[in-house]
Amino acid sequence: MFPYRFFLAFTFFLSSVVCNAQVTGSNTVCVGYMYTFDVNIAGASTYTWTVPANWYGLTGQGTSQINVTCNVSSGPVCVEGFDSNGASMGTQCLIPDLGGAASMGWQLVPTGFNDVCDDINSAIITPMIIPYGAGGGGCVNGCGNGIQHPNLVWGLYLNNQIFVGLIGTTFTVALGHYSAALVDTTSGTDFPQAIEIIDGCGGAVSNYLSIGHINLVAAVTQTPLQACIGDTVLLQGNGTQGSMGGPYWFIYTGLTALTSVNDFSQIQVVVTGVPASFRYFIESTIASGVGNGNVCTAYTDFSVYAMNCNAAATFQSSTQNVCENSCINFTNTSQNATMYQWSFPGATPGSSTNVNPSNICYNSPGNYDVMLIAGNFSQSDTLLMPGYITVIPTPQAGFTATDTSLCQNGCINFTSSSLNATGYQWNFSGGLPASSTSTDPQGICYNSAGDFDVSLISTNGICSDTLNLPNYIHIMVSQQSAFGANPVNFCPGSCTDFTNLSTGATSWQWNFPGATIDTSSMENPAGICYNFAGQYDVQLISSNAGCVDTLLISNYITVFPQPPALSLLYINDTLFSDQGFTFYQWYFNSNIIPGATEYFYLATANGDYNVIATDSNGCEVEAAIFNVLTNVENIFSAEGVDIVPNPFTGKISFQPLHASGEKILITVLNSIGEKLFEKQTSLKNQEVDLSFLAAGLYILSVQSKSDIMLKKIVKM
């Protein structure tokens, strides 16, 4: 839509004409008139015209003559000429005066009604034309040589924006602010889209009209829609605040006002009788236009829809099952009642006249009646509910534990001693599991040291009681038994030392079954001896202020078997012990013989000899021989026999120092006396093959009828 602009009056002043004589046309113009302008610029073949803003209907653009219609703005009419090459040949202007003595003043006049408080459904709005001079001002120079546009009409606008219709026709009007304008309908008959022309001449005459369209109809709504005697009713009206003020509500009968009768929008009333009726006033003040300041009023007579209802006592409670020493609330649901008398036997308080009694407390278990007498002005109703309230004994939570002070990783059992309970919720801070719903939870274990709470919620399904015992369980730091020994494997008759590796302990009890000292309370027992071969357990019980830990290691100690008894054989000047041991050590007169570590030893001096043999387990056995005489060799006959070679690799020969043909028995023994070879021959130049023997030391026995000779030989 195009904008619409309206003014109470328009007064335009003559502007001086400053123009080139080559532009010809009217020097005075009026709004809504069509004018012709000409120009003659030497050398120009095309022309570009510019006219004041909002002038319209320009034709002939590009030529030396245009036709244009004047609008409300003033200014120069100019033209610029261009030759055939588009070069400017100059600009010429004419400045006309916006005036016109033929214009007239006007104002809007409504017809068809007089009372602004009436219900105006339609009216005829006509402009009243005021001749020149009647309103002052005017266009003194006339409208020049223009022709009035044939399509100008008067239009009526609401609030300067909304097109209502053509002035002089009949249409429905509403409350509002109206104005008029000339409208050129050349562009069509859709007037809001037409070109607006406001009359530019005339005196200071009002061209506005305000219509006070009042249609007062009093209306009232009732909440609730149906009421009984004693009920409170809200009445709401459709009035607005006026200058008259209250009262707006006038009560006839059957009602008592609870709020002000001067409130124009609503009032609360109590129904006190039937019938119940009132009158409601509304008003409106005309604030502008015709009848400004007048007050219009209207009213309606209204009857409240009320009846003499029968009271019916009913109620509800927040609960019917309540724990002892607890309180409940009652909600009245009675119908058609305004007065109430409650009775609560066994409760505190025992009675009430409140509509909805609250904090009714019961302190003793049992079943209790509740009675309500509900009534209005005319009658009452009694409701007795026998045993309506059941007061349940409150559980008393209690429990015990098999122990309240124990070591880490210890477990305990709990037993409920609660009264009046059927359900249980246990919580064990720091325990595993941390909660339980059992009556008597078993095996609750604590792995960390500290003090821990235990709580029990005992319930009977409605009531509950909570017992929380802070730091009820004390868990002590546990020690851990551990030990070592050096050595753990040894020979009979040996001893070992034990090292205590326990943590957190302050006392110890050792058990050494099979040892010569089989118990000890020392922290690190030493010199624990075992005399017999076998495998033996070791047990350590360590403890502190209240915690005990037992460590039993089976077969921890191994005592090797005792080596067999060792025998010694003395042949000539050589001592032989039993073979098969890992290590040998020979002694002379109780002194160690350095380097004497073979199973045999060649004695070099007379005296006592002993040897200690060590087996693969490191166990030792000892043998001794006393009063050994060295350098003795029994040789039969005085001549003697020599054995060559010695040491040997294969054969040996018997070479008697004196020739002899005596028969002899030759025997070869190993170091432990076992017979390896035997042959009977004569002594004279006898050769014996012993190459089958392994390398080592052997005993050669040469025996005749009367003598025997023992001699050491060595096989290489």
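The values are calculated or read from the model by the stated rules, or taken from the named source; none is laboratory data. Everything numeric in this text was worked out from a predicted model, so none of it was measured. Methodologically, a virtual Cβ is constructed for each residue, glycine included, from the backbone with ideal geometry; neighbour enumeration extends over all protein chains shown. What goes into the accessible areas is simple: the full protein's heavy atoms, side chains included, and nothing from ligands, DNA or RNA. Shrake-Rupley method; radii C 1.70, N 1.55, O 1.52, S 1.80 Å.
Straight-line reach only, C-alpha to C-alpha below 14 angstrom: list the aspartates and glutamates that Lys705 could link to, leaving out same-chain residues fewer than 8 apart.
Glu662
Over the Cα atoms of the stretch 347-497, what Rg and Dmax result, in angstrom?
According to the Cα coordinates of the stretch 347-497, Rg and Dmax are 29.6, 119 Å.
So between Glu674 and His474, what do we pick up on full extension, going 0.36 nm a residue minus the alpha carbon distance?
The span from Glu674 to His474 would gain 64.2 nm if fully extended.
Kirkwood hydrodynamic radius of the stretch 354-396 from all distinct Cα pairs, in Å?
Result for the stretch 354-396 stands at 12.6 Å.
Given H placed 1.01 Å from N in the peptide plane, which residues other than close sequence neighbours of Val304 have an amide H under 5 Å from its amide H?
Residues meeting the criterion, in which the H sits 1.01 Å from N, are Ala276, Ser277, Phe278.
Kindly rank 410-418, 348-356 from highest to lowest mean number of other beta carbons found within 10 Å of each residue.
In decreasing order of mean packing, 410-418, 348-356 become 410-418, 348-356.
Under 8 Å for C-alpha pairs, at least 6 residues apart: give me the relative contact order for the stretch 383-537, rounded to a whole percent.
For the stretch 383-537, the relative contact order is 18 percent.
Provide the solvent-accessible area of Val164, counting protein heavy atoms only and rolling a 1.4 Å probe, rounded to the nearest 10 Å².
Ignoring ligands and nucleic acids, Val164 comes out at about 50 Å².
For the stretch 460-537, take the convex hull of the Cα atoms, compute a quarter of its surface area, and give me that in nm², please.
Mean projected area of the Cα convex hull: 9.1 nm².
List every residue whose amide H lies under 5 Å from the amide H of Phe483, counting only residues 5 or more places away in sequence or on a different chain, with H placed 1.01 Å from N in the peptide plane.
Leu501
Counting only heavy atoms of the protein chains, get the accessible area per residue of the stretch 285-400 (1.4 Å probe) and round it to a whole Å² value.
Spelled out: the 1.4 Å probe surface of the stretch 285-400, per residue, equals 50 Å².
Roughly speaking, what is the centre-to-centre gap between the stretch 510-530 and the stretch 539-595 when only Cα atoms are used, to the nearest Å?
19
Can you quote the Å³ per residue value for the convex hull of the Cα atoms in the stretch 310-424, rounded to an integer?
111
Which entries of Lys651/Lys679; Lys663/Lys712; Lys663/Lys715 show an alpha-carbon separation above 19 angstrom in the structure shown?
Lys663/Lys712; Lys663/Lys715, as the Cα separations exceed 19 Å there.
Could you work out the relative contact order of the stretch 473-608? I mean the mean sequence separation of Cα pairs under 8 Å and 6+ apart, divided by the number of residues, in percent.
Across the stretch 473-608, relative contact order equals 21 percent.
If I model a spin label as a point 7 Å beyond the Cα along the Cα-Cβ vector, how far apart are those points for Asn40 and Val488 in nm?
Taking the two extended label points, one gets 14.2 nm.
Return the tail of the calculated pair distribution for the stretch 486-623, meaning the percent of Cα-Cα pairs more than 22 Å apart.
In whole percent, the share of Cα-Cα pairs in the stretch 486-623 beyond 22 Å is 53.
Work out, step by step, the length gained on full extension between Asn54 and Leu384: first 0.36 nm times the residue separation, then minus their alpha carbon distance; give nm to one decimal.
109.7 nm
Just want to confirm a number: the relative contact order over the stretch 372-435, from Cα pairs under 8 angstrom separated by 6+ residues, in percent.
The normalised contact order for the stretch 372-435 reaches 24 percent.
Using θ = phi - 60° and the Karplus form 6.51 cos²θ - 1.76 cosθ + 1.60, what ³J(HN,Hα) does each residue of the stretch 49-59 get, whole Hz, x for Gly and Pro?
Result, ordered by residue: 9, 10, 10, x, 4, 6, 5, 9, x, 6, 10 Hz.
Using a 1.4 Å probe and ignoring any ligands, DNA or RNA, find the accessible area of Glu523 and quote it in Å² to the nearest 10.
90
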